[in-house]
1. Residue by residue through region 218-230, note down the ones that are out of contact with any Ser or Thr (no Cβ under 9 Å at 6 or more places or on another chain) and either without any contact (Cβ under 8 Å) to a residue 12 or more places away in the chain or buried (at least 22 other Cβ atoms within 10 Å of the Cβ) (or both).
2. With a cut-off of at least 2 residues that are out of contact with any Pro (no Cβ under 9 Å at 6 or more places or on another chain), among the β-branched types (Val, Ile, Thr) and not assigned by TED's automatic domain parsing to the domain that holds GLY104, name the strands (runs of 3 or more DSSP E) lying wholly within region 284-355.
3. Can you confirm whether ALA275 is in contact with a Phe, Trp or Tyr (Cβ under 7 Å, 6 or more places away or on another chain), surrounded by 24 or more Cβ atoms within 10 Å (Cβ to Cβ) and small (Gly, Ala, Ser)?
4. Looking at region 298-311, is at least one residue of a type outside the set (D, E, K, R), in contact (Cβ under 8 Å) with a residue 40 or more places away in the chain and over 28 Å from THR96 (Cβ atoms)?
5. For VAL272, which of the numbered conditions (1) under 22 Å from HIS57 (Cβ atoms); (2) assigned by TED's automatic domain parsing to the domain that holds SER214 fails to hold?
6. Kindly indicate whether any position in region 263-271 is modelled with pLDDT of 95 or more, buried (at least 22 other Cβ atoms within 10 Å of the Cβ) and in contact with a helix residue (DSSP H, G or I) (Cβ under 7 Å, 6 or more places away or on another chain).
7. SER326: among the hydroxyl-bearing types (Ser, Thr, Tyr), under 17 Å from ILE261 (Cα atoms) and modelled with pLDDT under 95, yes or no?
8. Run down ALA193, ALA139, ALA232, ALA135 and say which single residue is assigned by TED's automatic domain parsing to the domain that holds GLU263 and out of contact with any Leu (no Cβ under 7 Å at 6 or more places or on another chain).
Amino acid sequence: MNGRSPGDKLQDIACPAPVHQRSKIIAAHGGGGRLTRQLIERVFQPAFDNPGLDTGHDGAVVDVGPERLVMTTDSYVVQPLFFPGGDIGSLAVNGTVNDLSMCGARPLYLSAAFILEEGLPLEALEKIAASMRRAADEAGVRIVTGDTKVVETGNGDGMFITTTGVGRMETALSVHPSSIRPGDRIVLSGGLARHGIAVLDARNRLGLDCGVESDCAPLNRPVQQLLDAGVAIHCMRDLTRGGMATALVELAQSCSLDFRIQERQLPIDEKVRGACEILGFDPLYVANEGCFVCFVTESEAERALEVLHKNPVTQQARIVGQVEDSGTGTVVLETGLGTGRRLDLLSGEQLPRIC
């Protein structure tokens, strides 16, 4: 006994500060949820404030003479470097192509910057470079410039890649969150949560062996097919960090409209669903890398489905919800039991290092 009373011991207990009050960067700042948004609003928006950045879209539309170009950039730190259905190279190419596509642009050119760690097998780098070339060829883009840096062993986790993309805006449509209107139908292009579960499975820490492959794929062709068919797209967003729920919440808050989603309409593979149940993950918040939501008018929703069903990447497309008149910026999921569940941004990091 140390002579201290229970009351003295209770005084030593201090509750940890809420996550949003952290004064240092933590993993959750990169998770695409609430902390990511707070970091952008606190640091990057005030520092770099300009009209292009303020749109809050997947890329910035810039006028260069008579051309309307779209520019986007992204960094990839996925671990492991190779996973079922892809690798960090194909992910870097497809992710940047998809961000351009979500703005309605035709992707044209990419740059690629590599941060390599001492000790990385040259064979691994060669495989990833070849994978990037195949992905670029499939998407119809060219990698035209880049950079390479090397850091000491223990400081790079193998490899990080940053890609920047440039595309041409060839449509007169304003494909943007501000174009979403009440009554719009929400079209989901494919099955949820495949990428996040595939990456987690590849880490071999839990021995799931669930057989799920990442949906990592370029989305520019199905998007271009929608545009060529004359479908008046109001907005698109690919479902990466934070999954479908995070993407929808961000869009709802951006346009100050409410979304209602039908849980029974959501395509989720049984293997994915089973892995999520075992691990306690919500598939609505698990990342995809070849899936997007599209907002179109009620009259054009079925035609959008017809177009998407013809492409192998989007053949599971479904109408999963609609935009409502009320303007509170909330997303409600109608569950299979007939109850309503409000979706919100995650405060923490559900699956780190998945892109």
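The values are calculated or read from the model by the stated rules, or taken from the named source; none is laboratory data. As the structure is a prediction and not an experimental result, all values here were calculated from the model. Glycine gets a Cβ as well: all are built from the backbone with ideal geometry, and neighbour counts include every protein chain shown.
1. LEU226, ASP228, GLY230
2. Working: elements: 292-296, 318-324, 331-334, 340-343.
In region 284-355, 292-296, 331-334 are the strands (runs of 3 or more DSSP E) which contain 2 or more residues that are out of contact with any Pro (no Cβ under 9 Å at 6 or more places or on another chain), among the β-branched types (Val, Ile, Thr) and not assigned by TED's automatic domain parsing to the domain that holds GLY104.
3. Working: in contact with a Phe, Trp or Tyr (Cβ under 7 Å, 6 or more places away or on another chain): no; surrounded by 24 or more Cβ atoms within 10 Å (Cβ to Cβ): yes; small (Gly, Ala, Ser): yes.
Criteria not met by ALA275.
4. Going residue by residue through region 298-311, those that are of a type outside the set (D, E, K, R) are 299, 301, 304-305, 307-309, 311.
Now narrow it down to the ones that are in contact (Cβ under 8 Å) with a residue 40 or more places away in the chain: 301, 304-305, 307-308, 311.
Keeping just the survivors that are over 28 Å from THR96 (Cβ atoms) gives 301.
Looking through region 298-311, at least one residue is of a type outside the set (D, E, K, R), in contact (Cβ under 8 Å) with a residue 40 or more places away in the chain and over 28 Å from THR96 (Cβ atoms).
5. (1)
6. no
7. yes
8. Values: ALA139 fails: assigned by TED's automatic domain parsing to the domain that holds GLU263; ALA232 fails: out of contact with any Leu (no Cβ under 7 Å at 6 or more places or on another chain); ALA135 fails: assigned by TED's automatic domain parsing to the domain that holds GLU263.
Just one listed residue meets the conditions, ALA193.
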